[in-house]
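Note sheet for the following structure.
The values are calculated or read from the model by the stated rules, or taken from the named source; none is laboratory data. This structure is a prediction, so every number in the text was calculated from the model and none was measured. Neighbour counts are summed over all protein chains in view; Cβ atoms, including those assigned to glycine, are modelled from backbone coordinates with ideal geometry.
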Amino acid sequence: MLNRIRSLFAGDDDGAEPGEDALQAAAAALMVEAARTDDTITQVERDRIIAVARRHFHLTEEEAQDLLSAAVFDTEDVSPYHRYVSIIMDRCPPGGRVWIVEMLWEVAYADGVLNDLEASLLRRIGGLLHVSDIERGEARKRVLERLGLPDDAGLPV
């Protein structure tokens with residue numbers, strides 16, 4: 001699976017139309033970008049990305065770790081999230097993109113705190129995915145509830 005994922009990140013699709021693997025790769029890359037907003041990816045954030053990928057994509061532990069490794073490698077030294085947003089826009093109908101934002105909220109709150117850079121990235125990506133502020137807010141509330149965090153977690157005082 002790792003070679004297949006790496007080929008998706010490299011754009012080596014042999015002319016075939018990208019499918020679920022491309023969507024998984026794009027989602028993983030965006031989660032890595034959310035985790036990396038403070039220039040580091042903590043173990044808690046890595047664990048959260050793996051858990052979210054396993055839950056949403058029904059992956060084994062090894063497949064989710066391979067997906068994370070490929071995403072970390074591909075997104076190093078650059079911020080190419082626009083490429084991944086394009087894949088998601090092509091693969092997901094408008095009403096189906098909010099789950100990506102929800103995955104990003106989970107990663108952003110992995111350490112229990114939302115910083116300004118994470119919040120800004122989620123606003124940008126949500127806008128690029130055409131997910132409304134209301135939908136983003138509802139996704140955030142679902143994540144806070146799922147993680148057992150207070151409604152005002154990460155909000156400015």
Residue hits (the range 32-58; out of contact with any helix residue (DSSP H, G or I) (no Cβ under 6 Å at 6 or more places or on another chain), assigned to a loop (DSSP other than H, G, I, E, B) and not acidic (Asp, Glu)) are 40, 42, 58
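Table: residues versus (1) among the small types (Gly, Ala, Ser); (2) at pLDDT below 85.
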{"residue": "10", "(1), (2)": "yes, yes"}
{"residue": "18", "(1), (2)": "no, yes"}
{"residue": "44", "(1), (2)": "no, no"}
{"residue": "67", "(1), (2)": "no, no"}
{"residue": "75", "(1), (2)": "no, yes"}
{"residue": "90", "(1), (2)": "no, no"}
{"residue": "98", "(1), (2)": "no, no"}
{"residue": "111", "(1), (2)": "no, no"}
So the helices (runs of 4 or more DSSP H) completely within the range 75-149 holding 2 or more residues that are touching a residue at least 12 places away in the same chain (Cβ under 8 Å) and more than 21 Å from residue 54 (Cα to Cα) are 81-91, 116-128, 133-147
Residue count, the range 25-41, condition of a type in the set (Val, Ile, Thr) and surrounded by 24 or more Cβ atoms within 10 Å (Cβ to Cβ), comes to 1
Of the conditions (1) under 13 Å from the mean Cα position of the chain (by Cα); (2) at pLDDT 90 or above; (3) over 12 Å from residue 28 (Cα atoms), the single one that residue 144 does not satisfy is (1)
Within the range 42-67, the count of residues that are within 18 Å of residue 118 (Cβ to Cβ) and surrounded by 20 or more Cβ atoms within 10 Å (Cβ to Cβ) comes to 4
